[in-house]
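Rule-based calculations on the coordinates, nothing more; no lab input. Every value quoted in this text rests on a predicted model; they were computed, and no experiment measured them. Neighbour counts run over all protein chains shown; Cβ positions are idealised from the backbone, glycine included.
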Amino acid sequence: MGELLYRCRPQACKRHPEWAYDAVIYELNVRQFSPEGTFAAVRAQLPRLRALGVDILWLMPIYPIGVERRKGTLGSYYAVRDYCGVNPEFGTFDEFRQLVEAVHGLGMRVILDWVPNHTSRDAVWVEAHPEWYKRDPETGEIATPYDWTDTAQLDYDNPAMRRGMVEAMLFWLRETAIDGFRVDMAMLEPIGFWDACVPELAAFMEARSRGLFMLAEAEGPEFHRVAFDATYSWEVHHLMVDVAQNKVSAPAAVLRERLLREGEAYPMDALRMRFTSNHDENSWNGSEFVRFGAAVRQMAALTYLLPGMPLIYNGQEAGSDRKLAFFDKDRIDWSGLGNNGWEAFYRELNGLRHSHVALRGGLCGGDVYAMDNSLSDKVFAIKRRVGDSVVMGLFNLSPDHADFELYDEDFNGSFRQIGSPELALLRSHVHFYLPPWGFFVYFK
């Protein structure tokens, strides 16, 4: 059977909306998604995204952007001027509501990027509630977090500010029927705020027979205790980058140990978001092709076999290798869409996730095993299993050829495989070969 890394079994812990367990998240940057950069342009592409296999559309911040100390020509989406408005660059409030209705009409969900740590320096709250902000002890001016000079730091010691934040989030749930939030830098606010805020949001949604989904840009078991359904898997992501850049000795062994530690630390229903790119990684560290090099395709496949839920950043399905500007117009290169294999690859991975209960996230998914093999330092052999649902992957996490033997009783019989129409006939004890950064994903 191999080593059990991650056990997925029911227990008394937080439950998620049913639609979240086998969901694929798609992060969408409205400004860069199309030449127009509008809600209407996004709406036109929804059937394509649905056909790709997208379930949850995460929209980067859509709110009006501050002007004071603005960065670049168009400013940062994360310098919010008005929590209850929309950026006129993208369209009108009604056009956003129409977008949400269209998303729901295709059976998908939509979450908004929420920025609770700070506002722009000329935000409506600065004028209406200056006492809601922290002050620089030396100058007495509203404080600026880190080097984010276009923003103003909110004060979570102020109960009225906390209440205002909750009311702003309720506004979007009430007025637009969105399904939840991705919370920017959730670790910068007191966890007690989220543990009080989210149950109120969830009660509002439950009274309307709607599920609430909350994704934290944070890592740690405490975020799953009450408030969040999903968290970023930053630690595993950074390990994957280091592996792809050949910076890790015995990479498969290190990955197994990391997953084992994660499985012990996190609740069994915790959804960890796995990814090879997102807006931060792309804009500041380069495209996944730069960061992962020859390992880029295998790492994308790996995010689907690890326990949790996968993320696609807009443009990945076209193989776009653009490092997108953050503060200016710099649209995605869609020229490869449909003709370089990436769209078909992600569609196949999404179909695999949707059709195999073993790949579901949290306690509904399959146990995660590391299959025994003779190159266990280089070859990560993973098995996801629940009942008759079995998915197995072999990943050569090295720039070297890998000749090895594999032992597992489930590695036996006729299997379909990702990337090939041919059936594979496997045996429980077999000699295998993988090229540098090569991989196979098998399923019945």
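Values for this structure:
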| item | result |
| --- | --- |
| Net charge of Cβ neighbours under 12 Å - reference Phe404; Lys, Arg +1; Asp, Glu -1 | -4 |
| Karplus-derived HN-Hα couplings along region 48-62 (A = 6.51, B = -1.76, C = 1.60, θ = phi - 60°), whole Hz, x at Gly and Pro | 5, 5, 5, 5, 5, x, 6, 10, 10, 9, 9, 8, 4, x, 10 |
| Relative compactness, region 326-444, computed as alpha-carbon Rg over 2.2 N^0.38 Å | 1.24 |
| For region 149-157, 3J(HN,Hα) per residue [Karplus equation, 6.51 cos²θ - 1.76 cosθ + 1.60, θ = phi - 60°, Hz, x = Gly/Pro] | 5, 8, 10, 10, 7, 6, 10, 7, 7 |
| Degrees between helix 296-305 axis and first principal axis of the chain (Cα, 0 to 90, nearest 10) | 90 |
| Under 20 Å, Cα to Cα: Lys pairs in the chain, sequence gap 8 or more or different chains | 4 |
| Structure-derived semi-axes √(5λ) of the Cα gyration tensor in Å - corresponding label in (1) 39, 23, 21; (2) 49, 33, 19; (3) 61, 32, 17 | (1) |
| Point-to-point label distance, Ala128-Ala160, nm (Cα→Cβ direction, 7 Å offset) | 1.2 |
| Trypsin sites (Lys or Arg not before Pro) within region 177-241, DSSP loop, no more than 12 other Cβ atoms inside 10 Å | Arg208 |
| Using alpha-carbon coordinates, inclination of helix 159-176 to the longest axis of the chain, degrees | 70 |
| In degrees, nearest ten, helix 191-206 long axis to first principal axis of the chain (Cα) | 90 |
| Neighbour-count order for Glu264, Glu288, Glu36, fewest beta carbons within 10 angstrom listed first | Glu264, Glu36, Glu288 |
| Contact order relative to length of region 1-90, as percent, for alpha carbon pairs under 8 angstrom and 6 or more apart | 27 |
| Longest to shortest principal axis, alpha-carbon extents of region 202-287, angstrom | 52, 33, 16 |
